[in-house]
1. Determine the gain in length on full extension of the stretch E158-Q138; use 0.36 nm per residue of separation and subtract their C-alpha separation, reporting nm with one decimal.
2. How high is the FRET efficiency between E150 and K101 when r is their beta carbon distance and R₀ equals 25 Å, given to the nearest 0.05?
3. Could you compute how fast the stretch 2-86 diffuses translationally, taking Rh as the Kirkwood radius over C-alpha pairs and applying Stokes-Einstein at 25 °C with viscosity 0.890 mPa s? Give it in µm² per second.
4. Can you pull the semi-axes for the chain, root of five times each eigenvalue of the Cα gyration tensor, sorted largest first, whole Å?
5. Expressed as an acute angle from 0 to 90° and rounded to the nearest 10, what is the orientation of the C-alpha long axis of helix 52-68 relative to the principal long axis of the chain?
6. Most exposed first by the Cβ proxy, i.e. fewest other Cβ within 10 Å, how do V27, V40 rank?
7. Ignoring everything except DSSP H segments at least 4 long, calculate the 222 nm mean residue ellipticity for the chain; use -39,500 (n - 2.57) per segment, divide by total residues, nearest 500.
8. What is the helix-to-structure angle for 139-154, meaning the angle in degrees between its Cα long axis and the longest Cα principal axis of the chain, kept from 0 to 90 and rounded to the nearest 10?
Amino acid sequence: MSEIVQEQSSIPIYRYKFSEPFMSKLVNFANNHRYDDAGVFKERWDRWTANDQNISEIIREEKRLTTLGYDGDMEDKMYKTVRYYLKNKSLNKKEPKKRRKYISIDRNIISEMDNHINDEALPNLMKPSVAYNNFTSQSEYSNLIDKEIERLGDLGMEEKPALDKIKKTYKNRYYLQQKG
């Protein structure tokens, strides 16, 4: 039987997981003894593993893992799973964070950023920070930036985050032009 299983799976197994039914028994034990002191927990664990019904389940699970190629200490694996993983696992489900709506920069200003980077920044070997300062100091671009900050403000973004967004976009465009 073990030869068949090993021939079928040519991908090596690095983490041997307990079966779902056996894992549910371990989870149940961990939840029942979540707040026990270490000594009491160990005593209850020894009692649980010595129970006749649990012994047959443990033996069955050990045979299953051995068939898959596990050669470690089964008792140690079970105890560490219950004591350090399941017992300390939070019972509260975390709600996923709500993502904020993405606000993109206008294509016209991105096009002008690319032109500035290709025409002035890269040929003159400017650092991205120096290139950005040069970009913002030129009147033709500063008017574009002011209009973009106003547009972003209309969409609910404050002035400082809008400026930061424009600066970040410029530096990202610089990086893309430099690598491309």
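1. Length difference between fully extended and current span is 4.9 nm.
2. 0.85
3. 176 µm²/s
4. Gyration-tensor ellipsoid for the chain: 63, 23, 14 Å.
5. Around 60 degrees separate the two axes.
6. Lowest to highest Cβ neighbour count: V40, V27.
7. The helix-only estimate for the chain comes to -20000 deg cm²/dmol at 222 nm.
8. Tilt of helix 139-154: around 50 degrees.
Computed from the coordinates by the stated procedures, all read-outs in this text should not be read as laboratory data. Predicted model only: the values in this text are computed from it and were never measured. Virtual Cβ from ideal backbone geometry, glycine too; neighbours counted across all protein chains shown.
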